[in-house]
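Comments concern the structure below.
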Amino acid sequence: MRRCRPKGASSSFLPEAPGRKDMNNITRRAIGKGLMSLPCLSVFPSTGWAQMFPAGPVRVVVPTAPGGALDIMSRLVTARLADDWKQSVIVDNKAGGSGILGSNIVANAPPDGLTVLFTTSTHAVNPVLLKSIPYDTETAFTPIATIAETAYALVGSAKSNFSDAAALFADIRAQPGKYAIGSSENSARLVGDLIKNKGKLSFESVLYKGAAPMLQEVVSGVIPAGITTPVSAMSHHRSGTAKILAITSEKRLPVLADVPTIGELGIPGVVCSVWFAVFGPKGLPPTVADKFHDGIAKALRDSAIIAKIRDFGAEPSGEGPAALAARLKTDLAQWRQLAQAAGVQPE
């Protein structure tokens, strides 16, 4: 172990020219003290670090563009964490590769809790749709907490010539291949492919780098409709620049009581939900993951945050590490089944 020497000190911490007996005693004492300290060193990474956490600014990597559902949700929670921890919690948007760019940054980060990933169900969909990704989704991350859950939404442009989802589907059937439907991420794309397969529809699927750029093209009329979450589309829906036409939940959402489910439109088997969750790198000490989860759970008990999340059409969660790990494992299997049902092959 390297030691720092006080300024002006000699190159040895031992007395000058000690006898052999003195040196042996010194060596024994040094070794004894070192051995006595080992248990403390072995405990420090999990217990000591957790007590100090966060000892510096926390970087929250959001693998989508600013303005989408994940970005909105992450900023709601991180603002509260920053207040509670009296520490900077910085949202860092790293869009690209269907979330893989940002996810890979966290997969390769030190397991100290100072770099974490805020992501969505796409985290469980990418291994299903892509032949090669630079990490193992199940083993390269430490589950921390689930923030919220909602359905997917089919969002139509106010500039289009249809007034509801039934009219859109009728037009698609009348003119196969004419329409391009956007998707904000890979999980939304898979939902679109499922609607296409179950509804016997023919349209082109266009994948975007997040909800914000996709919704810009829906609002401007570049594409007639897209699939994202109610969280992303709610402001456009309420302002009238776009309209949420249908949702993929089993029942209608209370905040969107006038919006039908895909099942109500005669397309069965399209009941899909999307979650927003936090993961750390592999090897994150359980005590640190628990402390991070405790901070998120506390934020999700705040009545103002609960109201905002529900107003966006989502439901607060607060699941801990074990529950999120189980959810991820279950979702990986379910998304594989959905991909098979939609006739989608990995690319």
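All of the numbers you see were taken from the coordinates with simple rules; none came from a lab. Note that the structure is predicted; figures quoted are calculated from it, not measured. A quick note on method: Cβ atoms are made from the backbone with ideal geometry, for glycine too, and the neighbour counts reach across all protein chains shown.
General observations
- Cβ-defined net charge surrounding residue 224, 13 Å radius [Lys, Arg +1; Asp, Glu -1]: -1
- Under the combined filter of DSSP loop state and at most 12 neighbouring Cβ atoms within 10 Å, segment 168-254 retains these trypsin sites (Lys or Arg not before Pro): 178, 200, 251.
- Spatially proximal aspartates and glutamates relative to residue 291 (Cα-Cα < 19 Å; intrachain offsets below 8 disregarded): 83, 84, 112, 302, 319
- Ordering of 310-323, 109-122, 253-266 by packing [mean C-beta count within 10 Å, highest first]: 109-122, 310-323, 253-266
- Its alpha carbons considered, segment 221-347 gives a radius of gyration followed by a Dmax of 17.5, 49 Å.
- Alpha carbon Rg of segment 153-265, scaled by the compact-globule rule 2.2 N^0.38 Å: 0.94
- Straightening the chain between residue 315 and residue 334 buys 4.8 nm, computed as 0.36 nm per residue apart minus the Cα-Cα spacing.
- Table column - 3J(HN,Hα) (Hz), segment 178-191, Karplus curve with 6.51, -1.76, 1.60, x for Gly and Pro: 6, 8, 10, 10, x, 9, 7, 6, 5, 5, 5, 5, 5, 4
- Least to most buried among 202, 98, 132 (fewest other Cβ within 10 Å first): 132, 202, 98
- Which listed pairs, of 178/243; 200/308; 209/298, have C-alpha distances above 28 Å, in listed order: 200/308; 209/298
- Principal-axis tilt of helix 69-85 within the chain, Cα atoms, nearest 10 degrees: 30 degrees
- Top positive-direction residue, dipole computed over the chain with Cβ charges, set 246, 109, 305: 109
- For residue 206, distant residues with modelled amide H under 5 Å away: 181, 182, 183
- Measuring max minus min along each principal axis, the C-alpha atoms of segment 95-146 give extents of 30, 21, 21 Å (largest first).
- Globularity index of the chain, i.e. its alpha-carbon radius of gyration over 2.2 N^0.38 Å: 1.27
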